1. Based on Cβ point charges of +1 for Lys and Arg and -1 for Asp and Glu, what charge dipole magnitude is obtained for segment 47-107 about its Cα centre, in debye rounded to the nearest 20?
2. Sort Asp39, Asp117 by accessible area with a 1.4 Å probe, largest first.
3. Cut-off 10 angstrom, C-alpha nodes, Gaussian network model of the chain. Which of Pro96, Pro147, Pro73 fluctuates the most?
4. Dipole of the chain (Lys/Arg Cβ +1, Asp/Glu Cβ -1, origin at the Cα centre): which of Ala106, Leu34, Ile46 lies farthest to the positive side?
5. Among the lysines, select those whose C-alpha is under 20 Å from the C-alpha of Lys249, and discard any that sit fewer than 8 residues away in the same chain.
6. Which entries in Lys56/Lys202; Lys22/Lys89; Lys89/Lys164; Lys56/Lys255; Lys154/Lys228 show an alpha-carbon gap greater than 30 Å?
7. Under the rule of -39500 (n - 2.57) per DSSP H run of 4 or more residues, summed and divided by the residues of the chain, what mean residue ellipticity at 222 nm is obtained, to the nearest 500 deg cm²/dmol?
8. Just how much of His217 is accessible, in Å², when a 1.4 Å probe is used and the result is rounded to the nearest 10?
Amino acid sequence: MPALIFETREQVAFITLNRPDKLNAFNHKMTEHLQAALDDCAAPHIRAVMITGAGKAFSAGQDLAELTDPNFPGMNHILSERYNPLVSKIRRLSKPVVAAVNGVAAGAGANLALCCDIIVAATSASFIQSFSQIGLIPDTGGTFFLPRLVGWQKASALMMLGEKISAEDAERFGMIYKVFDDASFSENAIALTNRLAQMPTKGLAYIKQALRWSISHTMDEQLQNEDKLQQRAAATNDFKEGVAAFLEKRSPVFKGE
Ligand code: T3D
């Protein structure tokens, strides 16, 4: 069974973490395939990406059994070679990435979801910063994204206590965008991703870039960044189409150009 399923349907890439009997825990093969899949998502015809899990979980994080394997490369490699590149690839991908959290998301599995552009979850899904329960610190960008999403105090408590929180609480805390009912979760998550794929792709990429820059710039610098990115957005065919469609009172047809 492949550790990861990568499918493209029209202009959307669907990535499914696929070790359901181990709650889609990441082993070496899965992280390697996920890195390769994210590289493939850079192809211009892909305009949106959805990451989800097979079976009842999103991902239980690092496969803990693998840590005792004699071939395990060691702590000094695992983040720099496996997880950090995943976060960088998702954040630098010039198209939206949706985390469709279908079930429990723990450890690196939770934080992989948190670094995506839009996070939606099924009602029965849950999130756990489980690292502290085994003496580790949150990684895969967790210490960067979580305090920015929920604030310092909630992040600190969630990371130290390692408590499981429900999808509803995650939405209430601002950790995720929306919760969908279990019965219609997959359908709603796919519809959201398909909708993003029909939007002005370059404009969305510039939004992503502006948000990334906003973290490390002053307000004045960010005003200049907005100016720069807005000029790029205004030079796209999709901007012309958006304005023309509005004036002609019709629906726009964006091509991501
Ligand atoms: O060097 C480094 O490793 C640094 C990198 C760290 C990154 C990390 O992600 S560290 C955090 C690793 N993850 C965890 O600590 C979570 C461990 N799992 C759990 O706490 C629980 O499984 C869950 C709360 C996620 C779900 O609980 P539950 O009761 O729904 O399921 P379960 O019965 O615990 O698990 C079902 C099966 O999945 C079970 O296998 P079995 O007994 O049926 O053969 C269980 O062992 C397996 N499983 C779950 N999580 C992992 C796992 N197997 C390997 N690794 C896992 N992380």
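The values are calculated or read from the model by the stated rules, or taken from the named source; none is laboratory data. Bear in mind the structure is a predicted one, so any value in this text is a computation, not a measurement. No Cβ is skipped: glycine too gets one built from the backbone with ideal geometry, and neighbour counts run over all protein chains shown. Note: accessible area is taken over every heavy atom of the protein model, side chains too, but ligands, DNA and RNA are not part of it. Shrake-Rupley method; radii C 1.70, N 1.55, O 1.52, S 1.80 Å.
1. With only Lys, Arg, Asp and Glu charged at Cβ, the dipole is about 520 debye.
2. Asp39, Asp117
3. Pro73
4. Ile46
5. In chain and number order, the partners are Lys240.
6. Checking Cα-Cα distances, Lys56/Lys202; Lys56/Lys255; Lys154/Lys228 exceed 30 Å.
7. Taken over the chain, the calculation gives -13000 deg cm²/dmol.
8. Probe radius 1.4 Å; accessible area of His217 about 70 Å².
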